[in-house]
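Structure, as structure tokens:
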Amino acid sequence: MSDGTVELIHEPKLYIDGRWAPGGGADLDVENPVTEEVTGRITQASTDDVEAAVAAAKKAFPAWAATPVAERAAFLRRFSEVLKGRADTFADIVNREQGSPPRVARALHVDTPIAVVDATIDALEQFPFTAELGNSIIRREPVGVVAAITPWNLPLHQVVVKVVPAIAAGATVVLKPAGLTPLAAFELARAFDAARLPAGVFNLVPGSGRVVGDLLTRHPDVDQVSFTGSTPVGRTIAATAAQTLKRVTLELGGKSPSVVLSGASDDQLATAVKVTVANCFLNGGQTCTALSRLIVPADRLAQVEELAAAAAAKYVPGARLGPLISAEQRKEVQSFLEPGAGGAQAVTVTSQVELPERGYYVSPTVVSRVDPNSRLAQEEVFGPVLSILAAGSDDDAVALANNSIYGLGGAVWGPDDAALDVAARLQTGQVDVNGGAFNPGAPFGGYKQSGTGREIGEYGIADVCEIKAVQR
Ligand code: NAD
């Protein structure tokens, strides 16, 4: 790329009402965070384009909502085949705009959302759109026009988890992808087009949050805003959406705990540390569910520090560890590495590694003996920085885990029964017990300030449905 042999990805047109047409907004360059060079250029939507997209989605809604479930499922199966056929193209795009190493780009960014699509289709075929309750028929009806506003950390996955359940439910969608990583959304629009989705069911309007995102959030013809991003922007969106009392789904930040119980065996402890480091550093530390607080029995702290330092050393920047998305994000993450961020007793147990000359890399870092109320323990870092906290007992570990404004993900390690018991006490939307794998059909969302609503599969479909009771 740096020798100029890779062509720019150029997206001069928007996808609105089933057609590709030039956008009325300014062009936007997309940077590759590995090379720090421009890798793509897109056209952005003007406010007129947003109006056209919302009108198209509104017009398409009645017919799409009335399309039989079996037909919607057949369409989504065709779409899934298109995605699978283009998986390498998607991985290449994500690698270029988001910087993930090719293997991560394929497995995390492409294969995972494809699994979510397939799980959502299975859920659609079983979904209880009608049920009986006494003399009532309970109907679940798609909400109407859904505006999807997405972040840069997972440019395809974050879009798919919103758009596919909405389309499955019979809603229509206007998507505003993140400005730093809009390219995958264009390829997604091409995949919908190739799968012959009816005009207006999916519309793409890239642009800034303050203009395009805000207009969608205010728009009286948008029935629901489904937002993934930071907690501060989520608050703004909830406040703006309140003016039209539209429905809001918010998938926000996290500070997820990984709790090792006192009864954990040495093997469980070793696995816990390895998996927690891997999870925390995944995607350069830029995942909302990053297990960024490792909570361990105080009497095993020295053992954990040694294991964590050894595990972290394997994350070589530029190889296994990708860069952060931007120079600004790197500066933000570095601010968490300054003395005092983890409290007076905090010690860094990893050593600074050499970073590639180019690219927005940060040294993979493990900080131990972190003060539970310090900035490092309380705020989302969104970079490869793991905090280790010491617990005096299992009850203390649960209290530390729940000592957060967030409640998105979590993990527990130890004897199965005790671990399941602690999983029930964590105030988070997801908990993995002893390495339980990601389930592409399970509901995804947060407690507390990690958000409202659930995405993916049956729960994602339910999230974009109104409920009607018909008495007879
Ligand atoms: P962000 O909040 O800055 O932006 C997210 C999206 O909102 C972008 O498309 C942006 O253009 C748009 N936006 C910004 N201001 C807006 C406004 N006033 N009105 C409407 N739209 C607006 O988030 P980011 O920096 O792109 O992503 C990182 C954040 O996302 C992290 O906090 C991370 O935890 C969170 N995240 C959450 C989940 C989850 O599922 N809970 C998943 C991934 C990322």
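The values are calculated or read from the model by the stated rules, or taken from the named source; none is laboratory data. Everything numeric here is computed off the predicted structure, so don't read it as measured data. Here the Cβ positions follow ideal geometry from the backbone for every residue, glycine too, while neighbour counts run over all protein chains shown. Side chains are part of the model used for accessible areas, which takes the heavy atoms of the whole protein and leaves out ligands, DNA and RNA. Shrake-Rupley method; radii C 1.70, N 1.55, O 1.52, S 1.80 Å.
List of remarks:
- Failed condition for GLU338, given (1) of a type outside the set (A, V, I, L, M, F, W, C); (2) surrounded by fewer than 24 Cβ atoms within 10 Å (Cβ to Cβ); (3) touching a residue at least 40 places away in the same chain (Cβ under 8 Å): (3)
- Residues of the stretch 285-310 that are open to solvent by 40 Å² or more (accessible area, probe 1.4 Å), more than 29 Å from PRO323 (Cβ to Cβ) and touching a residue at least 24 places away in the same chain (Cβ under 8 Å): ALA298, GLN303.
- Condition met for THR89 (closer than 30 Å to THR35 by Cβ and surrounded by 13 or more Cβ atoms within 10 Å (Cβ to Cβ)): yes
- Residues in the stretch 354-380 that are under 20 Å from LYS448 (Cα atoms) and either among the small types (Gly, Ala, Ser) or open to solvent by less than 10 Å² (accessible area, probe 1.4 Å) (or both): SER374, LEU376, ALA377.
- Condition check for LYS255: charged (D, E, K, R), under 30 Å from VAL381 (Cβ atoms) and away from the ligand (no atom under 16 Å from the Cβ): no
- Some residue of the stretch 371-384 being farther than 25 Å from PRO317 by Cβ and in contact (Cβ under 8 Å) with a residue 40 or more places away in the chain: yes
- Any hit, the stretch 179-188, residues being closer than 17 Å to GLU455 by Cα, more than 16 Å from the ligand (Cβ to nearest atom) and in a helix (DSSP H, G or I): no
- Checking ALA195 against (1) open to solvent by less than 40 Å² (accessible area, probe 1.4 Å); (2) within 11 Å of the ligand (Cβ to nearest atom), the condition it does not meet: (2)
- Some residue of the stretch 417-424 being open to solvent by 10 Å² or more (accessible area, probe 1.4 Å) and either in the same structural domain as GLY170 (by TED's automatic domain parsing) or under 25 Å from GLN345 (Cβ atoms) (or both): no
- Listing of strands (runs of 3 or more DSSP E) fully contained in the stretch 74-162 that carry 1 or more residues being among the β-branched types (Val, Ile, Thr) and touching a residue at least 12 places away in the same chain (Cβ under 8 Å): 136-142, 145-149
- Residue under evaluation PRO232, criteria (1) surrounded by fewer than 18 Cβ atoms within 10 Å (Cβ to Cβ); (2) more than 10 Å from the ligand (Cβ to nearest atom), criterion not met: (2)
- Matching residues, the stretch 445-472, being open to solvent by 30 Å² or more (accessible area, probe 1.4 Å) and either under 17 Å from the mean Cα position of the chain (by Cα) or under 21 Å from LEU426 (Cα atoms) (or both): TYR447, LYS448, GLN449, THR452, ARG454, TYR459, ASP463
- GLU125 among the acidic types (Asp, Glu) and touching a helix residue (DSSP H, G or I) at 6+ places or on another chain (Cβ under 6 Å): yes
- Test result for SER256, modelled with pLDDT of 95 or more and surrounded by 24 or more Cβ atoms within 10 Å (Cβ to Cβ): yes
- Listing of helices (runs of 4 or more DSSP H) fully contained in the stretch 305-405 that carry 1 or more residues being within 17 Å of PHE281 (Cβ to Cβ): 327-334, 375-378
- Which numbered condition ALA344 misses (of (1) more than 16 Å from the ligand (Cβ to nearest atom); (2) under 20 Å from ASN403 (Cα atoms); (3) open to solvent by less than 10 Å² (accessible area, probe 1.4 Å)): (3)
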